[in-house]
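The values are calculated or read from the model by the stated rules, or taken from the named source; none is laboratory data. Just so it is clear, the structure is predicted and the values come from calculations on it, not from any experiment. Note that we place each Cβ from the backbone using ideal geometry, even for glycine, and neighbour counts take in every protein chain shown. What goes into the accessible areas is simple: the full protein's heavy atoms, side chains included, and nothing from ligands, DNA or RNA. Shrake-Rupley method; radii C 1.70, N 1.55, O 1.52, S 1.80 Å.
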Amino acid sequence: MENHDIYHYGILPDVHFRFSSAEISYAVTAASNLHGFDDAGTELLARTMLAAFFLADLVKDDTKVSVQIRFYDDTEIHSVLAYSTRDGKLKATLRHRPEEDIESGQISEENLGILKVFRWKDGECIYQSIVPFRNQSFETNIENYLRDSEQVPSFLVAYIKLEGLHWRIKGLFLQALPEARPEHIDAVRELAGKLEEEKSKVYEGTVSQALEILQASWNTKFEILATGRPEYRCDCSEEKIKELIQNLGKEEAMDIAEEQGQIEVTCEFCNSIYRFPKAEVLELF
């Protein structure tokens, strides 16, 4: 599979909106193949990675965004989690539900789970929002989060399709700037709805070609301010795992090391394995 992943950041000056356009097909396929996810899991992962990437466009370059959905129902998937930086460094995983972990008491026709959006800087959480994940489309849930938590009109269109053995994941995110008037917002809402209906045709080619099609059909300018290439990249390291062990506390860490002869940690994002013999664990304290 050839890597066509790319993103564009920019503005629609005629209607005072910002936009992010992206293809993350290669990044999602890399994550799916690494973990052996099935088609349903990969599609959910793709939507979550797109959301994390688009929300990362709203933060500074030294900040990461994580998007997590935890489901209440008794399906196989317990939760999905994706991280992204503004320049498209992505990592993501699905967590499967243990048989004994079924939260049936919280299931309702309205809410399927909870949506968590966090922002991270230097390993510390600097912002968090936790809202219901409702029985609506994934994109509508993200739009509702932005409307309710950020008070900013936003629209998300995602194109996700499996073609043979390859996934095609493309999307467009639109968010009102402070100068946007009600008539601008109404116009963009209508255009986003039209794109949702026609996305299979618009996204037949590359996302760059899609922007050209939209610029012509919407009769508005897409001014590109930045371009880059997303990639699946885990940022785990031995030092971070050591900090994780230290956070357990000496007593708990040494209990594990005594019982197992070592502490072994597998990164849930890239499957890297870190092993620390008992003597090394002791040196951490």
Task: Any pair with Cβ under 7 angstrom, 6 or more apart, that starts in the stretch 45-59 at a residue that is among the polar types (S, T, N, Q) and ends at one that is not in a loop (DSSP other than H, G, I, E, B) - done: Thr48/Val67; Thr48/Ile69; Thr48/Val80; Thr48/Ala82; Thr48/Ala92
- [ ] Go through the residues of the stretch 192-209 one by one and say whether even a single one is among the acidic types (Asp, Glu), part of a helix (DSSP H, G or I) and farther than 30 Å from Phe37 by Cβ.
- [x] no
Task: Unmet criterion (only one of (1) in a strand (DSSP E or B); (2) under 29 Å from Glu231 (Cβ atoms); (3) open to solvent by 40 Å² or more (accessible area, probe 1.4 Å)) for Phe133 - done: (3)
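Quick check on this structure: which one of His35, His78, His96, His16 is open to solvent by 50 Å² or more (accessible area, probe 1.4 Å) and at pLDDT below 95? Before you say what the answer is, go through the steps one by one.
Working: His35 fails: open to solvent by 50 Å² or more (accessible area, probe 1.4 Å); His78 fails: open to solvent by 50 Å² or more (accessible area, probe 1.4 Å); His16 fails: at pLDDT below 95.
Only one candidate qualifies: His96.
Rundown of residues vs (1) at pLDDT below 95; (2) open to solvent by 80 Å² or more (accessible area, probe 1.4 Å), yes/no style:
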position: Ser104; (1), (2): yes, no
position: Glu109; (1), (2): yes, yes
position: Gly113; (1), (2): yes, no
position: Lys116; (1), (2): no, no
position: Arg119; (1), (2): no, no
position: Cys125; (1), (2): yes, no
position: Thr140; (1), (2): no, no
position: Ser149; (1), (2): yes, no
position: Val152; (1), (2): yes, no
TODO: Report, by residue number, each residue of the stretch 197-221 that is open to solvent by 20 Å² or more (accessible area, probe 1.4 Å) and touching a residue at least 40 places away in the same chain (Cβ under 8 Å).
DONE: Lys199, Ser200, Thr206, Ser208, Lys221
